Amino acid sequence: MSGRVVILGGGIIGLSAAFAAAAKGFGVTVVEAGRPGGQASGAAAGMLAPYTENPDGPDPFFALCLKSLRMYPDWAAAIEEASGRKIELRRSGSLAVALGEADVLPLTARMAWQNRYGARAELVGSSELRQLEPQLAPDIETALYIPEEGHVYAPALVEALESACRRRGVAIAAEAGRTVRLNLGADGVEIGTERAGTFTGDVLVVCTGAWTGLFERELGLPLPVHPIRGQICAYPMPAGLIRRIVVSPQAYWTAKNNGTLVCGASEDVAGFDTSVTERGIARLVRWGPKVFPILKDLEPVHRWAGLRPGTLDGRPLIGRLGHAPRVVIAAGHYRNGILLAPATGAAVTALLTGEVPPVPLDAFDPLRFTAVRQIEFEGMRA
Ligand SMILES: Cc1cc2nc3c(=O)[nH]c(=O)nc-3n(C[C@H](O)[C@H](O)[C@H](O)COP(=O)(O)OP(=O)(O)OC[C@H]3O[C@@H](n4cnc5c(N)ncnc54)[C@H](O)[C@@H]3O)c2cc1C
């Protein structure tokens, strides 16, 4: 496959699109305003949890999440091979804990439909629960165990993916600063940046995460993507002491190989502000000992925040623009961009090549927010 693809945004989504497109033979350039993986992707807890994240019922978003989880082992192996680095993919299983009797009913309902999709979920009682997760508070008596879910160490994943992209021949223009100009012509695309000059290509793929809404005017369609800040922290924790992802209605915990227990995360609206507030972290710290008594006298050693790209309907935007066919959008992955990276990369290349995408993409059409689908846009017709 030939053709030059310019990808705007070097988070997990832009890099996964680049990795997949380069494998198909495209000449790929990633243009990143700052450091690759320096925004939401490097801040994420790294959970790969399609069942936990979709408690209500099967829909196209669940199908995309599940497909992506199942693509992970091969995708991770390809990145590790291309980069020579480890990304710490662990199928730890997850435990959604019931903190009272009222929490059991929704977990039972979830289990019923999710087992039809291969979850192999089990409602486990007190003694089995202690075997699965010995550090849990003694008054937690029931949890939904899903063995298939797991996690990655997101900072290691994005670093490895960046390196794998470079080794596949992807050019990465980091610290490019603001995009100051998008020219979307009949013959190609041209992207002017503040600090890294101008880039040209045949197709532009917009993967700018929480910043995607800023391109509404240039791209000529409503892009209701908005930043939702996630504040998150990590405790020191000997590796192996906490084994699963543990999820409660107020917080989640996932232990990493580097001797930390990551606990997340707030969901607050603060524009593009990535600062950490006392209040945002205090809620997580307060909640910890109720689930893990060993956290009672521990203080987090790291606190950080990132901006999730939220959308109006909670689903990402993945598709080619009908009125600007040289533009593909892959953005708005909200709480699940790490999980959705393999499937999104494959979906983007399917849009570039005309091949069949990993799941039908109709539900993710970026044009779904506009009543007028055929927008006349100066200079955009191919
Ligand atoms: C606290 C927290 C915990 C999370 N936990 C999980 C989890 O456990 N599992 C999971 O699957 N997901 C999780 N997520 C969500 C996940 O991090 C996001 O969905 C994902 O990182 C989105 O990836 P992205 O590449 O679209 O965005 P980003 O990583 O934000 O990348 C977008 C990039 O675009 C760049 N950019 C913006 N504008 C421009 C421009 N004009 N020109 C060039 N570059 C530009 C930015 O600098 C940025 O690097 C979490 C998020 C947070 C904040």
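Could you tell me the distance between the Cα centroids of the stretch 19-63 and the stretch 292-367, to the nearest Å?
Rounded to whole Å, the Cα centres lie 5 Å apart.
Given Cα pairs under 8 Å that are at least 6 residues apart, what percent is the relative contact order of the stretch 94-147?
Numbers: 70 pairs, mean separation 28.3, N = 54.
Rounded, it is 52 percent for the stretch 94-147.
In terms of the Cα gyration tensor, with a ≥ b ≥ c the square roots of its eigenvalues, is the chain rounded because a/c is under 1.5, prolate because a/b exceeds b/c, or oblate?
Working: a/c = 1.92, a/b = 1.76, b/c = 1.09.
Taking the square roots of the gyration eigenvalues as a ≥ b ≥ c, the chain is prolate.
Can you give the net charge of the other residues whose Cβ lies under 15 Å from the Cβ of H226, counting K and R as +1 and D and E as -1?
On the way: positive: R229, R308, R315, R335; negative: E216, E267, D268, D273, D313.
The answer is -1.
Give me the net charge of A137's neighbourhood, meaning all other residues with Cβ under 12 Å from the Cβ of A137; Lys, Arg count +1, Asp, Glu -1. It would help to have the intermediate numbers written out before the result.
Working: positive: R130, K290, K296; negative: E133, D139, E141.
Charge balance in the 12 Å sphere: 0.
Could you order peptides 2-9, 172-179 by the average number of other Cβ atoms within 10 Å of their residues, highest first?
2-9, 172-179
At a probe size of 1.4 Å, how large is the accessible area of K24, to the nearest 10 Å²?
Rounded to the nearest 10, the figure is 80 Å².
For the chain, what does the relative contact order come out to in percent, with C-alpha contacts under 8 Å and a separation of six or more? Intermediate values should be presented prior to the final figure.
Numbers: 895 pairs, mean separation 88.1, N = 382.
Once divided by the residue count of the chain, the mean separation gives 23 percent.
Please give the calculated 222 nm ellipticity per residue for the chain, where each DSSP H segment of at least 4 residues contributes -39500 (n - 2.57) and the sum is spread over every residue; nearest 500 deg cm²/dmol? Working shown, then result.
Values: 10 runs with 111 residues, N = 382.
Value at 222 nm, helices only, nearest 500: -9000 deg cm²/dmol.
Straight-line reach only, C-alpha to C-alpha below 26 angstrom: list the lysines that K24 could link to, leaving out same-chain residues fewer than 8 apart.
Of all the lysines, those that pass the test against K24 - Cα under 26 Å, at least 8 places apart if same chain - are K67, K86.
In whole percent, and with a 1.4 Å probe on the protein chains, what portion of the accessible area of the chain is carbon and sulfur? List each step's numbers first, then the result.
On the way: 8110 of 15690 Å².
About 52 percent, which is the carbon plus sulfur part of the accessible surface.
Sort D297, D313, D365 by heavy-atom solvent-accessible area, probe 1.4 angstrom, most to least.
Details: D297 135, D313 60, D365 40 Å².
Descending order: D297, D313, D365.
Please give the charge dipole size of the chain, origin at the Cα centre, charges +1 on K and R Cβ atoms and -1 on D and E Cβ atoms. Round to the nearest 20 debye.
Numbers: 38 positive and 38 negative charges, 101 e Å.
Dipole about the Cα centre, nearest 20: 480 debye.
Looking only at E159, E133, E218, which one moves most when the chain is put into a Gaussian network model with springs between Cα atoms under 10 Å?
E218
What length, rounded to one decimal in nm, is gained on full extension from T108 through to E267, with 0.36 nm per residue of separation minus their alpha-carbon distance?
On the way: separation 159, 0.36 × 159 = 57.24 nm, distance 2.63 nm.
Separation in residues times 0.36 nm, less the Cα-Cα distance, equals 54.6 nm.
Give me the accessible area per residue for the chain, probe 1.4 Å, as a whole number in Å². Working shown, then result.
Working: 15690 Å² over 382 residues.
On a per-residue basis, the chain sits at 41 Å².
At 7 Å along the Cα-to-beta-carbon direction for both F369 and N115, put a label point, then send me their distance in nm to one decimal.
4.0
Name all residues of the stretch 31-58 having a backbone nitrogen under 20 Å from the label point set 7 Å from the Cα of L298 along its Cα→Cβ direction, giving them as ranges.
44-48
Pairs of alpha-carbon atoms within less than 8 angstrom and 6+ residues apart define the contacts here; what relative contact order does the stretch 226-311 have, in percent?
Values: 166 pairs, mean separation 37.5, N = 86.
Result for the stretch 226-311 is 44 percent.
Net charge within 13 Å of V28 by Cβ-Cβ distance, Lys/Arg positive one each and Asp/Glu negative one each, not counting V28 itself?
Details: positive: R4, K24, R166, R167, R168; negative: E32, E162, D202.
Taking every other residue near V28 into account, the sum is +2.
Under DSSP H, which helices of the chain have Cα atoms covering 27 Å or more of the helix axis and a Kyte-Doolittle average no less than -0.5? Each step should come with its number before you reach the end.
Values: long enough: 60-83 (32 Å, 0.37).
Membrane-span-like by this rule: 60-83.
Which lysines does K290 reach when only Cα atoms under 17 Å apart count, and residues fewer than 8 places away in its own chain are ignored?
Straight-distance partners of K290: none at all.
The values are calculated or read from the model by the stated rules, or taken from the named source; none is laboratory data. All values reported here derive from a predicted model rather than from experimental measurement. Glycine gets a Cβ as well: all are built from the backbone with ideal geometry, and neighbour counts include every protein chain shown. Accessible surface areas use protein heavy atoms only, side chains included; no ligands, DNA or RNA. Shrake-Rupley method; radii C 1.70, N 1.55, O 1.52, S 1.80 Å.
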